[in-house]
Amino acid sequence: VEKPSCPPVVQRSCPPVPKDTGRADRLKGKVVVGEVEKLYLADAETVYTARVDSGAETSSIHTRNVKRFERDGGNWVRFEVPVPGTSGEEWVTLEKEVSRRVKIIQSAADEAERRVVVELQFAIGNHEQVAEFTLADRTNLTYEVLIGRNVLRDVMLIDVGKEFATELPKSYRNKTQTGDDA
């Protein structure tokens, strides 16, 4: 009898960006973003409209069917993220190693909520980064992705008077998008 084995993990990354595509204005080396930005999520190969919120410590993404499991002795999680523009009818399944768990305390809730945190690669404008995201049910919220201070710190500045201050490279914009201006 052969020992069962897990299928190999597919690692996706942002495709190389030519220097002359995409736009992200910079001030003293930091990317200037508006309160709402387009975000390319490499693992799902999709473009979301994300809310930038300096009041949130950790970034968050809308997920469902979050299931924890063990792979090669490590803690992993399988979850689904929505395909933008499908009104929640299509979802992409992702698997990631668990970075940590956090306790979220919201002013509207009576009790703290425990969430799984994973690292995801993304791009805003021509800026690419890997950062931690909590997996959350954001069904009743306007935006499926929230960008918090963990992404902003040391690399981005917010111009709250702007929306879509950056522009994704064309190779990212051809992916599934949300919003009327997609």
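The values are calculated or read from the model by the stated rules, or taken from the named source; none is laboratory data. The structure presented is a predicted model; accordingly, all values stated were derived computationally and were not measured. Positions of Cβ are backbone-derived with ideal geometry, glycine not excepted, and every protein chain shown enters the neighbour counts. Please note that ligands, DNA and RNA were not included when accessible areas were found on the heavy atoms of the full protein model with its side chains. Shrake-Rupley method; radii C 1.70, N 1.55, O 1.52, S 1.80 Å.
Given R₀ = 41 Å, what would the calculated FRET efficiency be for residue 141 paired with residue 1, taking r from the Cβ atoms and rounding to 0.05?
According to the calculation, E is roughly 0.30.
Cα-Cα over 25 Å: which of 30/67; 28/162; 30/170; 67/170; 67/103; 96/162?
As for pairs spanning more than 25 Å Cα to Cα, those are 30/67; 67/170; 96/162.
Only Lys, Arg, Asp and Glu count, each charged at its Cβ (+1, +1, -1, -1), so figure out the dipole size of the stretch 31-135 about its Cα centre, rounded to 20 debye.
The calculation lands at about 300 debye.
With the crude spin-label approximation of a point 7 Å out along Cα→Cβ, what separation in nm comes out for residue 66 versus residue 10?
2.3 nm
Assuming 0.36 nm per residue, please report the length gained on full extension of the stretch residue 23 to residue 45 beyond their Cα-Cα distance.
Length gained, residue 23 through residue 45: 6.0 nm.
Please find the FRET efficiency linking residue 87 to residue 129, where r is the Cβ-Cβ separation and R0 is fixed at 22 Å, and quote it to the nearest 0.05.
0.15
Pulled fully out, how much extra length does the chain show between residue 114 and residue 163, if you take 0.36 nm times their separation in residues and subtract their Cα-Cα distance?
Going from the current span to full extension adds 14.5 nm.
Given 34, 46, 121, which one lies farthest toward the positive end of the charge dipole of the chain, if we put +1 on the Cβ of every Lys and Arg and -1 on the Cβ of every Asp and Glu?
It is 121, whose Cα lies furthest towards the positive end.
Once amide H atoms are placed 1.01 Å from N in the peptide plane, what residues at a sequence separation of 5 or more from residue 33, or on another chain, have their amide H within under 5 Å of its amide H?
Distant-sequence amide H within range of residue 33: 157, 158, 159.
Which one, 65, 75, 140, has the greatest fluctuation when you compute a Gaussian network model over the chain with C-alpha springs under 10 angstrom?
Largest GNM mean-square fluctuation: 140.
Would you mind getting the accessible area per residue of the chain, heavy atoms of the protein chains only, 1.4 Å probe, in Å²?
Accessible surface, normalised per residue, equals 58 Å².
Have a look at the DSSP beta bridges in the chain and tell me what percent are antiparallel, nearest 5.
80 percent
Calculate for the chain the 222 nm mean residue ellipticity that helices alone would give, adding -39,500 (n - 2.57) per DSSP H run of length 4 or more and normalising by residue count, nearest 500 deg cm²/dmol.
One gets -500 deg cm²/dmol as the mean residue ellipticity at 222 nm.
Which semi-axes, in whole Å and largest first, does the equivalent ellipsoid of the chain have when worked out from the alpha carbon gyration tensor as the square roots of 5 times its eigenvalues?
27, 20, 16
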